[in-house]
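The values are calculated or read from the model by the stated rules, or taken from the named source; none is laboratory data. Every value quoted in this text rests on a predicted model; they were computed, and no experiment measured them. Cβ atoms come from the backbone with ideal geometry, glycine included; neighbour counts cover every protein chain shown.
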Amino acid sequence: MKSFGAFLAMLFLSSGSLWAQGETPIDTGNTAWMITATVLVLMMTLPGLALFYGGLVRSKNVLSVLMHCYAIAALASIMWVVFLYSFAFDEDSGLLGGGWLGGLSNAFLNGVEGNNSNGVPNTVFVMFQMTFAIITPGLIVGAFVERMKFVAVMVFTALWLTLVYAPAVFWVWADGGIMLGWGAIDLAGGIVVHATAGVSALVLAKMIGPRQGFPKQLQPPHSPGLVMIGASLLWVGWFGFNAGSQGGASGAAGMTMLVTHISAATAALVWCLVERIQTGKTGVVGIATGMVAGLATITPASGHVGPMGALLIGLSAGVICYFMCGIVRHKLNIDDSLDVFAVHGVGGILGTIMVAFLGAEGVLGGLGLSENPETGETYSSIEQLIVQLKSVGITVVWSAVATIIIVTLIKKTVGLRVSEEVEAEGLDSAEHGETAYNFDA
């Protein structure tokens, strides 16, 4: 009887956790896909983005780019566990109220247990979203390569994730988020990832100033081969990025994967065509960059358009993002070194706007527009466009303002930019004491 009583006591004490896990039984198919998608998204940064960016810089700076991506991944992971996840998704105890920021009740992943409504363990959801928090500040690296202090990179990342990324996630993806309440459509990060990173990259590139010799005396990418390898990993990993954002293995995930691939392929070919007309050549860096533009542009719309919509989005990305690269570099005279704003920022914003039309039922949509969670009604294209513009406009303005504040603070404390001597020597040896290529060994 004593043993039986002890068993009942143990069962009673642990029943809350057992019942929480039993509310929604685990779905092994959905869980297997979400674990796979999580690995794919992490692969996008490590090694995809690292190699893509690393090949685009000069050989004396390639290790600094790899180091930035690697260190950002580690820093973002720890911050996500400690408080960023709670800021981004804790709708029960919002700090600012009104749907603007999550609370701290899930700090250190407190209370994260059981399965979500798709039968996927919440720990998997935490990890999946963590990979997004890793790659988003990683994208900004392309704006300041070859001239930013390593300590400044780390401070910027920590502050930017706290002030820009986590709030944007809450606005668009959390149940209590204000933009989700408006009915904003952004499946995998046109607003949350690409608009925030792209705009912040443009502001940071302007504030840090151009590289020595910009724009006429800069050397070409030191390794187009690395660029192609990194871009290929990004292409494959993006299926986890977009299709994984459907939350499980479903027909919607299948359609999302299909339209993601169509847009990437279309934009790559269109970029090649435009480049051929403009320069008379078709380059490896060009086709890879065009593919990335297609992926960034389809991202917010990938859950709401069909194959025809994906073709139009890819076509638009290949043309518009191509010419935006020249506008930023030559018209605005901003050394956004690896075209973060022109490709990711413009692409993400473009896709966010286009989904209002191409995602409408009866137009070129695949799954139809989402219902407004407040009224249950489906928006018309014009109504949806207003929601999309309002959402992306607020995000763009806040990303720019917050970035100005962060960069100003860094300039006054740890310093933002390396010295001219260090820049001439290269960040690899000066900042990290290593070199990527030692041909004498």
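So here's what we get for this one:
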read-out	value
Residue in region 269-283 that is under 21 Å from the mean Cα position of the chain (by Cα) and assigned to a helix (DSSP H, G or I) present	no
Cross-chain or 6+ apart pairs with Cβ under 6 Å, region 236-257 first and within 16 Å of I185 (Cβ to Cβ) and hydroxyl-bearing (S, T, Y), then in a helix (DSSP H, G or I) and at pLDDT 95 or above	T256/N242; T256/A243; T256/Q246
Residue in region 143-152 that is in contact with a Phe, Trp or Tyr (Cβ under 9 Å, 6 or more places away or on another chain), assigned to a loop (DSSP other than H, G, I, E, B) and surrounded by fewer than 21 Cβ atoms within 10 Å (Cβ to Cβ) present	no
Matching residues, region 95-142, being over 24 Å from I72 (Cα atoms), touching a Gly at 6+ places or on another chain (Cβ under 7 Å) and crowded, with 21+ Cβ neighbours inside 10 Å	V120
Search result, residues across region 406-418 that are surrounded by fewer than 12 Cβ atoms within 10 Å (Cβ to Cβ) and either among the small types (G, A, S) or touching a helix residue (DSSP H, G or I) at 6+ places or on another chain (Cβ under 9 Å) (or both)	T413
Residue satisfying condition, being out of contact with any Asp or Glu (no Cβ under 7 Å at 6 or more places or on another chain), assigned to a helix (DSSP H, G or I), within 29 Å of G119 (Cα to Cα) and hydroxyl-bearing (S, T, Y), within set S245, S302, S232	S245
Criterion (closer than 21 Å to I327 by Cβ, crowded, with 19+ Cβ neighbours inside 10 Å, touching a residue at least 60 places away in the same chain (Cβ under 8 Å) and out of contact with any strand residue (DSSP E or B) (no Cβ under 8 Å at 6 or more places or on another chain)) met by exactly one of L202, L226, L233	L202
All positions within region 143-166 that are touching a helix residue (DSSP H, G or I) at 6+ places or on another chain (Cβ under 7 Å) and closer than 13 Å to I208 by Cα	A143, F144, V145, E146, R147, M148, A152, V153, F156
Candidates G309, G326, G347, filtered to the one that is free of Cβ contacts under 8 Å to residues at least 12 places away in the same chain and assigned to a helix (DSSP H, G or I)	G326
Residue in region 209-217 that is touching a residue at least 12 places away in the same chain (Cβ under 8 Å) and either under 21 Å from H304 (Cβ atoms) or not in a loop (DSSP other than H, G, I, E, B) (or both) present	no
Among residues of region 158-199, those that are in contact with a Phe, Trp or Tyr (Cβ under 9 Å, 6 or more places away or on another chain), surrounded by fewer than 24 Cβ atoms within 10 Å (Cβ to Cβ) and among the aromatic types (F, W, Y), counted	1
Region 60-78 residues that are touching a residue at least 12 places away in the same chain (Cβ under 8 Å) and under 20 Å from L427 (Cα atoms), paired with ones that are among the acidic types (D, E) and not in a helix (DSSP H, G or I) (beta carbon under 7 Å, 6 or more apart)	N61/E146; L63/E434
